[in-house]
1. Name the residue, out of Ile236, Ile232, Ile264, Ile247, that is more than 18 Å from Val299 (Cα to Cα) and in contact (Cβ under 8 Å) with a residue 60 or more places away in the chain.
2. Just checking, does region 91-106 include any residue being modelled with pLDDT under 95, assigned to a loop (DSSP other than H, G, I, E, B) and farther than 21 Å from Ala246 by Cα?
3. Looking only at region 301-319, filter to residues that are in contact with a Gly (Cβ under 9 Å, 6 or more places away or on another chain) and outside any helix (DSSP H, G or I); which one of those is nearest to Lys107 (Cα to Cα)?
4. Restricting attention to region 1-17, and to residues there that are buried (at least 20 other Cβ atoms within 10 Å of the Cβ) and of a type in the set (A, V, I, L, M), which single residue is farthest from the chain's Cα centre (by Cα)?
5. Scan region 15-52 for residues that are out of contact with any strand residue (DSSP E or B) (no Cβ under 7 Å at 6 or more places or on another chain) and part of a helix (DSSP H, G or I) and report the count.
6. Among the residues of region 23-67, write down those that are under 20 Å from the mean Cα position of the chain (by Cα), under 19 Å from Asp269 (Cβ atoms) and of a type in the set (A, V, I, L, M).
Amino acid sequence: MKKVLPAFLSCQGARLSDDEKRLFERYNPLGVCLFSKFCANIESREQVQNLVQDIKEAVGHNKVLIAVDQEGGRVRRLVEPEFMPVAAQQNMTTVELAEQHAYLISKDLHDCGINVNFAPVLDKMTPQTSNVLQGRCFDSNIAELGRAMVDTYVRQGICPCVKHLPGHGRAAVDPHLELPVINEDLAVLQEDFAPFRALSDAPMGMVAHIVLSAVDTQNAATLSAKVIREIIRGQIGFSGVLVSDAIMMQALKGTVAERAEHAIAAGCDVVCLGNAGFEANFELCQSNIVMTDEAAERVNKVFQLIEKTPDFSDYEYVKNKYCATLKNIVSYNYDYDATEILNRLRQA
């Protein structure tokens, strides 16, 4: 089998263009991340199924990860009326609700051929937390509720990706726009690490674009070998696949290739490009990133996980209980949509 590019690429429409087909065939990306509002990758179940088939045919095999951000609330790419409306993560206040939430999302993802969800968020909210995380975090019992979601996704053959390691809650600015710096000492930061430590066996985790000045004053965690080695792999003990947050964010500097190479060199297993045009995808493909043997072992466990046969026999019952508990789940207004901000900046 040809060499795998350790990256989640993006694509620009409801079906792959001829240029994208050639790119995917040549460079064999590990995965593709789908978006809805701006890249227009998601319109209906049938359309997404066809797009996923395009991707698999282009790379020449079925062993490809198809990812999406489907947290619920304002961060969701599969929207009503075509898909099940799901509430914001902050509304998941019990284990039962958290399990129902992940179960209902899993059904929509599975129906479309999506096998990775960049969720749940395990960040601990603080008074200074940026608007980018508002509504996206559990209000309390983070580890318990996060465990309920992670285990439910895994049971249904969907790979969850906990985020944002090692803890984004003290960041006062949005990394889509600038690089947050967290100046607390390590003793205080143990509170932020705790939920991730409790879920250190999760199959995949996303690394944040934040500076932990107590560990590395120069580099975002995504690009810091010291943060990844000493904190994420060390103190937290995270054993799953480490994916960078979207490298197109303005928290990072340099070319697409430089960002990707720096992230892999620091210890990320895979880089996520994010919402990007064809030129950025092409540049990432031409970079010098290579999947390590250790990363390949961790990725192989993800492929074993997504081969599980899901059981959605209780779907209607669970949906009715979820909706009855949350009462009126309505369409969400995008009061602060970081993806939209980044997309506008990219097109300026």
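1. Step by step, each of Ile236, Ile232, Ile264, Ile247 is checked, and only Ile236 is more than 18 Å from Val299 (Cα to Cα) and in contact (Cβ under 8 Å) with a residue 60 or more places away in the chain.
2. Scanning region 91-106, I find no residue that is modelled with pLDDT under 95, assigned to a loop (DSSP other than H, G, I, E, B) and farther than 21 Å from Ala246 by Cα, so the answer is no.
3. Quick first cut of region 301-319, residues in contact with a Gly (Cβ under 9 Å, 6 or more places away or on another chain) only: 301-302, 305-310.
Next, from what is left, pick out any that are outside any helix (DSSP H, G or I): 307-310.
Working: Glu307: 15, Lys308: 13, Thr309: 12, Pro310: 9 Å.
Looking at residues that are in contact with a Gly (Cβ under 9 Å, 6 or more places away or on another chain) and outside any helix (DSSP H, G or I), I get Pro310.
4. Taking region 1-17 first, the residues buried (at least 20 other Cβ atoms within 10 Å of the Cβ) are 4-11, 16.
After this cut, where a residue has to be of a type in the set (A, V, I, L, M) as well, the list is 4-5, 7, 9, 16.
Details: Val4: 19, Leu5: 18, Ala7: 12, Leu9: 13, Leu16: 21 Å.
Selected residue: Leu16.
5. Step one: of region 15-52, the residues out of contact with any strand residue (DSSP E or B) (no Cβ under 7 Å at 6 or more places or on another chain) are 15-26, 35-51.
From the residues that got through so far, the ones that are part of a helix (DSSP H, G or I) too are 18-26, 45-51.
Number of matching residues: 16.
6. Leu30, Val32, Val64, Leu65, Ile66, Ala67, listed by residue number.
Per-residue answers, yes or no, for (1) more than 25 Å from Ser287 (Cα to Cα); (2) surrounded by 16 or more Cβ atoms within 10 Å (Cβ to Cβ):
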position: Asp19; (1), (2): no, no
position: Pro29; (1), (2): no, yes
position: Ser36; (1), (2): yes, yes
position: Val48; (1), (2): yes, yes
position: Gly60; (1), (2): no, no
position: Val64; (1), (2): no, yes
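One line per residue, one yes/no per condition, for (1) exposed (fewer than 12 other Cβ atoms within 10 Å of the Cβ); (2) among the hydrophobic types (A, V, I, L, M, F, W, C); (3) at pLDDT below 95:
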{"residue": "Lys301", "(1), (2), (3)": "no, no, no"}
{"residue": "Glu307", "(1), (2), (3)": "yes, no, no"}
{"residue": "Cys323", "(1), (2), (3)": "no, yes, yes"}
{"residue": "Leu326", "(1), (2), (3)": "no, yes, yes"}
{"residue": "Ile329", "(1), (2), (3)": "no, yes, yes"}
{"residue": "Arg344", "(1), (2), (3)": "yes, no, yes"}
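The values are calculated or read from the model by the stated rules, or taken from the named source; none is laboratory data. All values reported here derive from a predicted model rather than from experimental measurement. Please note: Cβ atoms are built from the backbone with ideal geometry, for glycine as well, and neighbour counts cover all protein chains shown.
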